[in-house]
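Inspection log for the structure reproduced underneath, given as structure tokens.
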Amino acid sequence: MPLLLVSPTESESAPTLQKMTGLKTISPYLYSGALNGQSIELLISGIGSVATTFRLTQTLMQRSYSRAISIGIAGSFSEAIDICEVVQITEDCFADLGIDDNGEFRNLREAGLTCDDFDCDFITNPFPTLSPHRKLRGITVQTTSGSKNRIDELKLRFNPDVETMENAAFFYVCRKIQIPFASFRAISNKVEPRNRKNWRITEAIEHLNDCLLNTLILNWTN
């Protein structure tokens with residue numbers, strides 16, 4: 001069975017897409033081909049949890065894969081994580097799924113609403129990987145954090161290492177459908193009061209795809 005790569009945008013996986021041989025378009029969001037002799041399908045999931053959940057669920061219900069790897073860029077909360085470093089996210093949560101109770105955030109369980117563990121708690125990846133990249137905690141939000149107060153709140157509540165807009169949705173779907181998975185992100189910026197001049201998106205994407213082509217695919221197909 002092929003390996004499924006999942007990328008929020010085509011730009012985040014473009015260097016890998018360009019090197020896939022026998023490239024075919026299965027749908028507007030799904031491509032097939034090969035890398036290093038391994039059959040690969042690449043899904044462009046879209047930005048955010050809603051698009052990711054829909055496109056990934058639809059794809060996994062219609063097609064079979066040996067495992068799934070999520071790739072993309074992320075913001076880092078930690079000064080100890082270098083810009084452009086590729087990291088592996090091993091636990092994640094929906095950090096803004098809940099209610100604002102007079103200025104205090106409460107998740108669904110704390111608010112007395114129905115939820116399962118994946119809605120309210122950190123979703124962990126139970127599958128071992130061979131990657132040498134450091135294993136970190138992520139949070140997933142639908143509005144990226146760009147103000148000091150919001151960033152301080154997230155740090156206090158979740159103690160996160162990185163922030164994305166899709167990763168918990170990827171974890172959620174893979175755990176529900178029970179497919180082995182892994183998630184790798186390259187750090188494009190620090191999570192700080194919004195300052196685009198410090199972002200290094202192009203370099204992060206290049207480093208991510210270089211790691212993907214040279215180590216991740218090989219490790220995950222052996």
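The values are calculated or read from the model by the stated rules, or taken from the named source; none is laboratory data. Being a predicted model, the structure only gives us computed values, none of them experimental. As a convention, Cβ positions derive from the backbone with ideal geometry for all residues, glycine included, and neighbour counts pool all protein chains shown.
Some notes on this structure:
- Residues of the range 11-36 classified as in contact with a helix residue (DSSP H, G or I) (Cβ under 8 Å, 6 or more places away or on another chain) and free of Cβ contacts under 8 Å to residues at least 12 places away in the same chain, total: 1
- Residue match in the range 136-145 (condition: of a type in the set (Val, Ile, Thr), surrounded by fewer than 19 Cβ atoms within 10 Å (Cβ to Cβ), modelled with pLDDT of 90 or more and assigned to a helix (DSSP H, G or I)): no
- For the range 1-17, the count of residues that are in a strand (DSSP E or B), touching a Ser or Thr at 6+ places or on another chain (Cβ under 7 Å), modelled with pLDDT under 95 and aliphatic (A, V, I, L, M) is at least one.
- So residue 68, is it surrounded by 15 or more Cβ atoms within 10 Å (Cβ to Cβ), in contact with a Lys or Arg (Cβ under 8 Å, 6 or more places away or on another chain) and part of a strand (DSSP E or B): no
- Within the range 77-96, the set of residues being outside any strand (DSSP E or B) and either surrounded by fewer than 23 Cβ atoms within 10 Å (Cβ to Cβ) or in contact with a Leu (Cβ under 7 Å, 6 or more places away or on another chain) (or both) comprises 78, 79, 80, 81, 82, 83, 84, 85, 95, 96.
- For the range 140-161, a tally of residues being under 15 Å from residue 97 (Cα atoms) and in contact (Cβ under 8 Å) with a residue 24 or more places away in the chain returns 10.
Matching residues to (1) under 15 Å from residue 8 (Cα atoms); (2) of a type in the set (Val, Ile, Thr); (3) at pLDDT below 95; (4) assigned to a helix (DSSP H, G or I):
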| position | (1), (2), (3), (4) |
| --- | --- |
| 186 | yes, no, no, no |
| 189 | no, no, no, no |
| 192 | no, no, yes, no |
| 218 | no, no, yes, yes |
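- Filter result for residue 118 (of a type in the set (Phe, Trp, Tyr), part of a strand (DSSP E or B) and surrounded by 15 or more Cβ atoms within 10 Å (Cβ to Cβ)): no
- Contacts under 9 angstrom Cβ, first residue in the range 162-180 being farther than 27 Å from residue 152 by Cβ and touching a residue at least 40 places away in the same chain (Cβ under 8 Å), partner in a helix (DSSP H, G or I) and of a type in the set (Ser, Thr, Tyr), 6 or more apart: 173/52; 173/53; 173/57; 176/57; 177/57
- When the residues of the range 189-203 are filtered to those that are within 17 Å of residue 160 (Cβ to Cβ) and touching a strand residue (DSSP E or B) at 6+ places or on another chain (Cβ under 6 Å), the one that is surrounded by the fewest Cβ atoms within 10 Å (Cβ to Cβ) is 190.
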